[in-house]
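Trainee: Quick one: the structure is below, questions incoming.
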Amino acid sequence: MAVMPLDVLHDAEDRGMSSSVLHAPAMNLEMITTINVAPVSMALVPLRSALLPFADGKTALLADADVGAAAATVLANPEPHIGKFYDLTGLQSLTMAQYAQEFSGVLGRTIQYFNVPPQSWEANLREARLPEHLIAHLNTMGQLNRDNRYDRMNDSFQQVVGRAPISAAEFARRHAAAFTPQTRASE
């Protein structure tokens, strides 16, 4: 799920995020019932290293299961949430290097974060033949991360779900098998 920019007008160059952000208030003006949830999500991706152009920017990642828990809570009883906006954040705001340390400690092996130049990252995205709008969105997320614009935390998740979000270490612990390198049969 997309991360909601802190300032919609300032970050309007990110067409992928801002179009949904800009439409939400318009829908409310038209008296259409909306509930906006914008988490900073941590998806389950097996990794040995993270190659991202985020520099030392911090972000408070939220586990994908916690995103689902918040959405399920809202959908199970939407009435008290109508017209509200929830900017969901995780338990800690860390750099990617700090997240790698959290995962390393749980998995018992080194996970490294490599800060790659934005131009190299964009070239890899293009080589993967991603759609232009997705490349623009990911480049904007990288820039916002480098500018430390995602370094924010709040208690929205706690308010909605009634418990704290899981930590990065707990996320790694719950999914350790998915992060364990598989040996090939030929080895």
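The values are calculated or read from the model by the stated rules, or taken from the named source; none is laboratory data. Predicted model only: the values in this text are computed from it and were never measured. Backbone-built Cβ (ideal geometry, glycine too); neighbour counts: all protein chains shown. These area figures cover heavy atoms from the full protein model, side chains too; ligands, DNA and RNA do not enter into them. Shrake-Rupley method; radii C 1.70, N 1.55, O 1.52, S 1.80 Å.
Trainee: Which ones in the range 145-166 are assigned to a helix (DSSP H, G or I), of a type outside the set (Phe, Trp, Tyr) and over 13 Å from THR95 (Cα atoms)?
Mentor: Of the range 145-166, the ones assigned to a helix (DSSP H, G or I) are 145-146, 156-161.
Narrowing the set further to residues that are of a type outside the set (Phe, Trp, Tyr) leaves 145-146, 156, 158-161.
Passing the criteria: SER156, GLN158, GLN159, VAL160, VAL161.
Trainee: If the Cβ limit is 7 Å and pairs must be 6+ apart or interchain, which residue in the range 106-122 that is outside any loop (DSSP other than H, G, I, E, B) pairs with which residue that is open to solvent by 50 Å² or more (accessible area, probe 1.4 Å)?
Mentor: VAL106/ARG173; PHE114/LEU51
Trainee: Given the structure, is ARG174 under 19 Å from the mean Cα position of the chain (by Cα) and exposed (fewer than 15 other Cβ atoms within 10 Å of the Cβ)?
Mentor: yes
Trainee: Quick check, is LYS84 open to solvent by 20 Å² or more (accessible area, probe 1.4 Å) and either among the aromatic types (Phe, Trp, Tyr) or over 23 Å from HIS175 (Cα atoms) (or both)?
Mentor: yes
Trainee: GLN119: open to solvent by 50 Å² or more (accessible area, probe 1.4 Å) and closer than 27 Å to PRO181 by Cα, yes or no?
Mentor: no
Trainee: Right, another one. Have a look at HIS133, HIS137 and point out the one that is touching a Gly at 6+ places or on another chain (Cβ under 8 Å), more than 23 Å from LEU91 (Cα to Cα), open to solvent by 80 Å² or more (accessible area, probe 1.4 Å) and in contact (Cβ under 8 Å) with a residue 24 or more places away in the chain. Don't jump to the end; show me each part of the working.
Mentor: Details: HIS137 fails: open to solvent by 80 Å² or more (accessible area, probe 1.4 Å).
None of the other options fit; the residue is HIS133.
Trainee: Which one of ALA71, ALA63, ALA97 is open to solvent by less than 30 Å² (accessible area, probe 1.4 Å), under 18 Å from the mean Cα position of the chain (by Cα) and of a type in the set (Gly, Ala, Ser)? It would help to see each step written out before you state the result.
Mentor: Values: ALA71 fails: open to solvent by less than 30 Å² (accessible area, probe 1.4 Å); ALA97 fails: open to solvent by less than 30 Å² (accessible area, probe 1.4 Å).
It is ALA63.
Trainee: Within the range 144-171, take every residue that is of a type in the set (S, T, N, Q) and within 28 Å of PRO80 (Cβ to Cβ) and give me the one that is most open to solvent (accessible area, probe 1.4 Å).
Mentor: GLN159
Trainee: Shifting gears a bit: Can you tell me which residues in the range 51-60 are open to solvent by 30 Å² or more (accessible area, probe 1.4 Å) and in a strand (DSSP E or B)?
Mentor: LEU51, LEU52, LYS58
Trainee: Could you grab the pairs with beta carbons closer than 8 Å, sequence gap of 6+ or different chains, first residue in the range 57-68 and farther than 10 Å from GLY90 by Cα, second one open to solvent by less than 30 Å² (accessible area, probe 1.4 Å) and of a type in the set (Gly, Ala, Ser)?
Mentor: LYS58/SER93
Trainee: If the requirement is being of a type in the set (S, T, N, Q), at pLDDT below 85 and touching a strand residue (DSSP E or B) at 6+ places or on another chain (Cβ under 7 Å), which of these qualifies: SER19, SER49?
Mentor: Working: SER19 fails: touching a strand residue (DSSP E or B) at 6+ places or on another chain (Cβ under 7 Å).
SER49 is the lone residue from the list that is of a type in the set (S, T, N, Q), at pLDDT below 85 and touching a strand residue (DSSP E or B) at 6+ places or on another chain (Cβ under 7 Å).
Trainee: Looking at the range 164-187, which of the residues that are among the aliphatic types (A, V, I, L, M) and within 21 Å of GLN98 (Cβ to Cβ) is modelled with the lowest pLDDT?
Mentor: Taking the candidates together, the pick is ALA178.
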